[in-house]
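Have a look at the structure below, then the notes.
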Amino acid sequence: MIVLGIMASLRKRGNSEILVDAALSGAAEAGAQTDRIWLADRTMQFCDGCYTCEAKGQCHIQDDMQEIYDKCRAADGIILGSPIYFHGLPGQVKVMIDRLHPLYTGRAFKDKAAGALLVASASGHNTAWEQLHSFLSLNRMFYADPVFGFARNRGDIRRDKFAMLAAGEVGRQVVALVNQGLHYPEECVPLMRRVVKAKYGVDSSPGQNRFGVE
């Protein structure tokens, strides 16, 4: 079993990285092998919306996302640690998420376990978690409770004893989720808009007269 930690902050050895290290230590104690990615070391171009990945199963852009694809495919569990910028996820995280569309299209994340560790100086965790929750749900992943930490300067997160302890528990929970061998039934994998359109011919778009009014 492999649990992958993604350090999303561009500030290396910062608070997000400290929490991810604590989570990976918990995962290792529970029996997992661990791996790490630092987004600060990666060059990622923006998704250009070409949909090549939906036709060919892979992104046509050749950059450091190729390594991230491989590591995500190999991992059984993924733990993301990220700072909060302006009550949301920082740009580098959104770029990565957008570029992960080939794995979403290929259902590569389905049934994997996940954890989220979010650090802000005071607030904004809920907005960032909503973004991540949408990604995890759309990819049909199983996830531990998110951990919200409070820190500003590098290393301050160590003073947030709850966040430090909770991060270790997230690592253990991700391993426990993997060990459960959980699977979404095939009926629950497609998005509901696709299920209803395929089964009844009714689209969710407002332009498709969804209320049946002539």
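In this structure, does residue 154 turn out to be modelled with pLDDT of 90 or more and open to solvent by 90 Å² or more (accessible area, probe 1.4 Å)? Talk me through it step by step, then tell me what you get.
Values: modelled with pLDDT of 90 or more: yes; open to solvent by 90 Å² or more (accessible area, probe 1.4 Å): yes.
Yes.
Checking every residue in the range 89-106 against the condition of being within 17 Å of residue 120 (Cα to Cα), open to solvent by less than 20 Å² (accessible area, probe 1.4 Å), in contact with an Asp or Glu (Cβ under 8 Å, 6 or more places away or on another chain) and at pLDDT 95 or above gives zero matches. Only one of the numbered conditions (1) open to solvent by 80 Å² or more (accessible area, probe 1.4 Å); (2) out of contact with any Gly (no Cβ under 7 Å at 6 or more places or on another chain) is violated by residue 2, and that is (1). Residues in the range 121-141 that are farther than 20 Å from residue 20 by Cα and surrounded by fewer than 15 Cβ atoms within 10 Å (Cβ to Cβ): 134, 137, 138.
Just name the residue that is surrounded by the most Cβ atoms within 10 Å (Cβ to Cβ) out of those in the range 68-86 that are of a type in the set (D, E, K, R) and touching a strand residue (DSSP E or B) at 6+ places or on another chain (Cβ under 8 Å). Spell out how you get there, then give the answer.
Narrowing the range 68-86 to residues of a type in the set (D, E, K, R): 70-71, 73, 76.
After this cut, where a residue has to be touching a strand residue (DSSP E or B) at 6+ places or on another chain (Cβ under 8 Å) as well, the list is 71, 76.
On the way: 71: 16, 76: 18.
Here the answer is 76.
A residue that is open to solvent by less than 20 Å² (accessible area, probe 1.4 Å), out of contact with any Pro (no Cβ under 7 Å at 6 or more places or on another chain) and within 23 Å of residue 33 (Cβ to Cβ) can be found somewhere in the range 142-149. The helices (runs of 4 or more DSSP H) falling completely within the range 98-198 that include 1 or more residues that are of a type outside the set (Gly, Ala, Ser) and more than 19 Å from the chain's Cα centre (by Cα) map to 161-180.
Of everything in the range 26-47, what is of a type in the set (Ser, Thr, Tyr) and either touching a strand residue (DSSP E or B) at 6+ places or on another chain (Cβ under 8 Å) or buried (at least 16 other Cβ atoms within 10 Å of the Cβ) (or both)? Give them in sequence order. Give the derivation first.
Here is the first cut: in the range 26-47, the ones of a type in the set (Ser, Thr, Tyr) are 34, 43.
Scanning the range 26-47 gives a single hit, 34.
Of the residues contained in the range 48-66, none is found to be open to solvent by 40 Å² or more (accessible area, probe 1.4 Å), out of contact with any Asp or Glu (no Cβ under 6 Å at 6 or more places or on another chain) and under 29 Å from residue 123 (Cβ atoms). Look at the range 73-85: where a residue is part of a loop (DSSP other than H, G, I, E, B) and a partner is surrounded by fewer than 18 Cβ atoms within 10 Å (Cβ to Cβ) and of a type in the set (Val, Ile, Thr), sitting 6+ places away or on another chain with Cβ atoms under 6 Å, you get 75/2; 76/2. Among residues of the range 160-185 that are in contact (Cβ under 8 Å) with a residue 40 or more places away in the chain, those with a beta-carbon under 8 Å from a residue that is in a helix (DSSP H, G or I) and among the hydroxyl-bearing types (Ser, Thr, Tyr) at least six positions away or on a different chain give the pairs 168/25; 171/25.
Would you confirm whether or not the range 110-120 contains a residue that is surrounded by fewer than 20 Cβ atoms within 10 Å (Cβ to Cβ) and not charged (D, E, K, R)?
Within the range 110-120, the subset surrounded by fewer than 20 Cβ atoms within 10 Å (Cβ to Cβ) is 110-111.
Next cut, not charged (D, E, K, R) only: none.
No, the range 110-120 contains no residue that is surrounded by fewer than 20 Cβ atoms within 10 Å (Cβ to Cβ) and not charged (D, E, K, R).
The values are calculated or read from the model by the stated rules, or taken from the named source; none is laboratory data. This structure is a prediction, so every number in the text was calculated from the model and none was measured. Note that we place each Cβ from the backbone using ideal geometry, even for glycine, and neighbour counts take in every protein chain shown. Note: accessible area is taken over every heavy atom of the protein model, side chains too, but ligands, DNA and RNA are not part of it. Shrake-Rupley method; radii C 1.70, N 1.55, O 1.52, S 1.80 Å.
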